[in-house]
Amino acid sequence: DAGITQSPRYKITETGRQVTLMCHQTWSHSYMFWYRQDLGHGLRLIYYSAAADITDKGEVPDGYVVSRSKTENFPLTLESATRSQTSVYFCASSEGSGGSYNEQFFGPGTRLTVL
Amino acid sequence: GESVGLHLPTLSVQEGDNSIINCAYSNSASDYFIWYKQESGKGPQFIIDIRSNMDKRQGQRVTVLLNKTVKHLSLQIAATQPGDSAVYFCAEINTGGFKTIFGAGTRLFVKA
């Protein structure tokens, strides 16, 4: 189906484990983003990517790793999960920069719980 | 679905009334603004946008007002319906870059 998808939708893991959250978009958008959303907070940018093989840190990158070998995929890895990384994670994509191209299309989210 | 936020500012309106959701943005250099709607268990969805060279823009049942003097943005929803119940986020963008800064959000409850 066209759009942006995330998997898994729900994940429970333990402290210290590595976890990878997947994001896939079918629009061939250049830009992709990872956000986390916590109670009482807005969306906070973790990492973003302007194109394949180009990634950069956002506001809260510590403890996370991303890669973008293909335009359509942007996986987010928690190398050693901590309880503070319990959150809802949203992936988004946009066509490009400038004006209306900045509209970001969001996936359904992944709820991650770290025990 | 995913819990968006239990401590968000909340607006409760009667079905059929108009709603006004406010947002203060932080960067005077931001030149593009978007309102997003987030329903329970879903990601945010685009509602309406406005450029900084405008002070008003209308969509279907929604109007966005921009006051750059006081860095304030508002979203007006006409004839609010139960399906409008959601969390609403404002977002600001400096199109010299492309990173989007989101506000904390306002939860809208529509009473039938």
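The values are calculated or read from the model by the stated rules, or taken from the named source; none is laboratory data. All values reported here derive from a predicted model rather than from experimental measurement. Methodologically, a virtual Cβ is constructed for each residue, glycine included, from the backbone with ideal geometry; neighbour enumeration extends over all protein chains shown. Ligands, DNA and RNA are stripped out before the accessible areas are found, and what is left, the full protein with its side chains, is counted by its heavy atoms. Shrake-Rupley method; radii C 1.70, N 1.55, O 1.52, S 1.80 Å.
When the range A:58-97 is limited to residues that are of a type in the set (D, E, K, R) and free of Cβ contacts under 8 Å to residues at least 24 places away in the same chain, the one that is surrounded by the most Cβ atoms within 10 Å (Cβ to Cβ) turns out to be A:GLU59.
Residues being touching a residue at least 40 places away in the same chain (Cβ under 8 Å), open to solvent by 10 Å² or more (accessible area, probe 1.4 Å) and not hydroxyl-bearing (Ser, Thr, Tyr) are entirely absent from the range B:52-62. Pairing residues of the range B:24-50 that are part of a loop (DSSP other than H, G, I, E, B) with residues that are open to solvent by 50 Å² or more (accessible area, probe 1.4 Å), at Cβ distances under 6 Å and at least 6 apart in sequence or on separate chains, gives B:TYR25/B:LYS71; B:ALA29/B:ASN94; B:SER30/B:ASN94; B:SER40/B:GLY1; B:GLY41/B:GLY1. Scanning the range B:74-98 for residues that are surrounded by 16 or more Cβ atoms within 10 Å (Cβ to Cβ) and within 14 Å of chain A (Cβ to nearest Cβ) yields B:ALA86, B:VAL87, B:TYR88, B:PHE89, B:CYS90, B:ALA91, B:GLU92, B:ILE93, B:ASN94, B:THR95, B:PHE98.
Residue count for the range A:39-57, restricted to those that are at the interface with another protein chain (Cβ under 8 Å from one of its Cβ atoms) and part of a loop (DSSP other than H, G, I, E, B): 4. When each of A:TYR48, A:TYR31 is tested for being closer than 25 Å to A:THR13 by Cβ, among the hydroxyl-bearing types (Ser, Thr, Tyr) and surrounded by 14 or more Cβ atoms within 10 Å (Cβ to Cβ), the lone residue that passes is A:TYR48. Within the range B:12-23, being outside any strand (DSSP E or B) and open to solvent by less than 60 Å² (accessible area, probe 1.4 Å) holds for one residue alone: B:GLY16. Annotation: of all residues in the range A:65-115 being in contact with a Cys (Cβ under 8 Å, 6 or more places away or on another chain) and not in a strand (DSSP E or B), the one that is farthest from A:SER49 (Cα to Cα) is A:GLY107.
The residue of the range B:99-112 that is most open to solvent (accessible area, probe 1.4 Å), among those that are assigned to a strand (DSSP E or B), of a type outside the set (Phe, Trp, Tyr) and within 14 Å of chain A (Cβ to nearest Cβ), is B:ILE101. Candidates A:THR55, A:THR15, A:THR20: the one that is exposed (fewer than 13 other Cβ atoms within 10 Å of the Cβ), of a type in the set (Ser, Thr, Tyr) and more than 24 Å from B:GLY105 (Cβ to Cβ) is A:THR15.
Being modelled with pLDDT under 95 and touching a Phe, Trp or Tyr at 6+ places or on another chain (Cβ under 6 Å) is a description that applies to B:ILE50.
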